[in-house]
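The values are calculated or read from the model by the stated rules, or taken from the named source; none is laboratory data. A quick note: this is a predicted structure, and the numbers were derived from the prediction, not measured. Reconstructed Cβ throughout: ideal geometry from the backbone, glycine too, with neighbour counts over all protein chains shown. Heads up: the accessible areas ignore ligands, DNA and RNA and are worked out on the full protein's heavy atoms, side chains in. Shrake-Rupley method; radii C 1.70, N 1.55, O 1.52, S 1.80 Å.
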Amino acid sequence: MIGTIVNTACIVAGSVIGSVARRAIKEKYQMALYNAMGLAAFVLGINAVVNNLPKSDYPVLFIVSLALGSLLGTILNLEGGFRGLMGRFSKSDLAEGLSTGILLFCVGTLSMVGPVMSALYGDNTYLFANATLDLVTSAVLASTYGIGMVLAAPVLFCSQGLIYLVTSLAGDVIPDTLMREISIVGGVLIASSGLGILKIKDCRTLNMLPALLMPVLFFLIKHFLK
């Protein structure tokens, strides 16, 4: 778990550094960072899709996952509830920043494979590399959205901790094919967040989050129908 602890600490540190530096950064420079973050999120998302989709055994699964997940999230009004909750603590666009940060921190190859490698082989290389990236990313996000970005840290800890726990208890139970499908859906969601930051299109990404569960359900159903 040391890798996850370091990763979590880096997000906290980055958020603090970014929020402190925010006061010294002029608005036009904040806007430059804001645009850079939007472009980075979009490119990272597209990169995840491009790298994983050609290797997918179920190339249509991500489309079905996005459709069903978006429908479920819209019915539950996840975005409205989350923004309402964040609105009680901040008058800024913290909800947008947190949703983007959580996706960038938690739904990536390094963040998902890292806990598996740590649990199986005691290898924290992936998690330490991810921690370095998250330190920079959280600082940039906090320079735009404020200290509230620190709330992404416990989400990452729980996410990686759950993967670590499941892998430790059950061994190499998470197939590479499932990780690949989740990465494709996650890439689309990250790209969607980038479009929102850039004010190109508000896809209401938070309502699409249940799409990440659809590949898991598909593999569970497939397993039990064997």
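Cβ-Cβ distance of T125 and K55, R₀ of 30 Å, FRET efficiency by 1/(1 + (r/R0)^6): the value works out to about 0.85. Here F82 sits with roughly 50 square angstrom of accessible surface, probe radius 1.4 Å. Here the label points at L217 and T132, each 7 Å from Cα along the C-beta direction, are separated by 3.9 nm in the simple model. Expressed as a whole percent, the accessible area of the chain that falls on carbon and sulfur atoms is 71 (1.4 Å probe). At full extension, K226 and I25 could sit 66.5 nm farther apart than now, given 0.36 nm per residue minus the alpha carbon distance.
Note on R22: accessible area approximately 70 square angstrom, rounded to 10, probe 1.4 Å, nucleic acids and ligands left out. Taking one quarter of the surface of the C-alpha convex hull of the chain gives a mean projected area of 12.3 nm². Taking the charge dipole of the chain about its Cα centre, with +1 at Lys and Arg Cβ atoms and -1 at Asp and Glu Cβ atoms, the residue from Y29, L213, Y121 reaching farthest to the positive side is Y29.
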